[in-house]
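Asker: Take this structure first; my questions come after.
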Amino acid sequence: MSLWFVTAREGINGGYTVVGGGHLYANVMILYYPPNTPNPPHHDPFPGRRHYRINLKLWGEAGTFKTKGPVLFKLGPLVIFRSDFEHEVVASKRRRVVLSIGIVLPGGRDE
């Protein structure tokens, strides 16, 4: 049985649309943010595991990314960070599209 799925849904507070597919411990999503749409502070918990995200802005104006956790790499439109720590994106004035890849690995949050 395959654990992959495909979904289209409204994001936090109905602000953005997610289209993607994934597995319990890995997923790929395209995030569509309309103008003036933030991604409010949140975290993506996986108890007893570490959740990493690779986000690449494909189109549009990047919002300001903020996190309380480690940023492993950041260069231009690419950021790799720990998603199991609180993070957010402040709204930008223009529409944006982001490719987001998530990977969940063994090990506690603070490892």
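The values are calculated or read from the model by the stated rules, or taken from the named source; none is laboratory data. Predicted model only: the values in this text are computed from it and were never measured. Positions of Cβ are generated from backbone atoms using ideal geometry, with glycine treated the same way; all protein chains shown enter the neighbour counts.
Asker: Please specify each residue of region 38-91 satisfying the condition of being charged (D, E, K, R) and either touching a residue at least 12 places away in the same chain (Cβ under 8 Å) or in contact with a Gly (Cβ under 6 Å, 6 or more places away or on another chain) (or both).
Answerer: Asp44, Arg49, Arg50, Arg53, Lys57, Glu61, Lys66, Lys68, Arg82, Asp84, Glu86, Glu88
Asker: Follow-up question, since we're still on this one. Got a number for residues in region 58-90 being in contact with a Lys or Arg (Cβ under 6 Å, 6 or more places away or on another chain) and either aliphatic (A, V, I, L, M) or over 22 Å from Leu105 (Cβ atoms) (or both)?
Answerer: Matching residues across region 58-90 total 4.
Asker: In addition: Does region 63-111 hold any residues that are assigned to a strand (DSSP E or B) and among the charged types (D, E, K, R), and which are they? Steps first, answer last, please.
Answerer: Restricting attention to region 63-111, the residues satisfying the condition of being assigned to a strand (DSSP E or B) are 64-67, 71-75, 78-82, 87-90, 96-106.
Within region 63-111, Lys66, Lys74, Arg82, Glu88, Arg96 meet the criteria.
Asker: Can I ask one more? Can you tell me which residue within region 60-75, out of those that are modelled with pLDDT under 90 and not small (Gly, Ala, Ser), is nearest to Ile101 (Cα to Cα)?
Answerer: Phe65
Asker: Right, here's the next one. Please find, within region 69-96, the residue that is farthest from Asp44 (Cα to Cα) out of those that are surrounded by 15 or more Cβ atoms within 10 Å (Cβ to Cβ) and among the β-branched types (Val, Ile, Thr).
Answerer: Checked region 69-96; the qualifying residue farthest from Asp44 (Cα to Cα) is Val79.
Asker: Within region 49-62, count every residue that is under 23 Å from Tyr32 (Cα atoms) and either assigned to a loop (DSSP other than H, G, I, E, B) or of a type outside the set (A, V, I, L, M, F, W, C) (or both).
Answerer: Looking only at that region, the number is 8.
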